[in-house]
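So the structure is just underneath, and the comments pick up after that.
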Amino acid sequence: MAEIGIMVYGFSREEAGIIKNKLIEINSEEVLLISGCRREEDIISNILDDEGYDEFEEKEDPRVVMFLGFDGPKIHASMDNFPELNGNRPIFCTPTENNSEWKLSALLEDLMEERAYFKQKKNNINDQG
């Protein structure tokens, strides 16, 4: 079994395969692929335990990649070399003690709010400069 993995949300099966293969190439080890598709009302830890689930669906937003078991250097290398898919970078995250017990829908909402906050903060800094 793979020591590292990803949970993806918002990607087609083909895109998820491209991501997995690129991460295998970057990290030189097998990568477990888990889908969060149509699991919005499920608890994150339950989704991560369900390796047999095999549904994928492309969405425009949000598109999320959750790194599982990656250390800091592997996360950075993976993000720096992440494949271009439709020109949109996904939201990257990791499981935490808190968010592992959230419904996927709550995590997606939190990630989108966080992204909007930092985008606004960046815009404010650019407007001042």
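Helix-only arithmetic for the chain: the sum of -39500 (n - 2.57) across DSSP H runs with n ≥ 4, divided by the residue total, places the mean residue ellipticity at 222 nm at -13500 deg cm²/dmol. Computed over Cα pairs, the Kirkwood radius of the chain leads via Stokes-Einstein (1.306 mPa s, 10 °C) to a diffusion coefficient of 104 µm² per second. Among G69, G52, G36, the largest mean-square fluctuation in a Gaussian network model of the chain, built with springs joining Cα atoms closer than 10 Å, belongs to G52. Sorting 17-25, 114-122 by average packing, meaning the other beta carbons within 10 Å per residue, from highest down gives 17-25, 114-122.
Between E41 and R13, the modelled labels are 2.5 nm apart [label points 7 Å from Cα along Cα→Cβ].
No lab work stands behind these numbers, since they all come straight from the coordinates. Since this is a predicted model, take the numbers as computed values, not measurements. Reconstructed Cβ throughout: ideal geometry from the backbone, glycine too, with neighbour counts over all protein chains shown.
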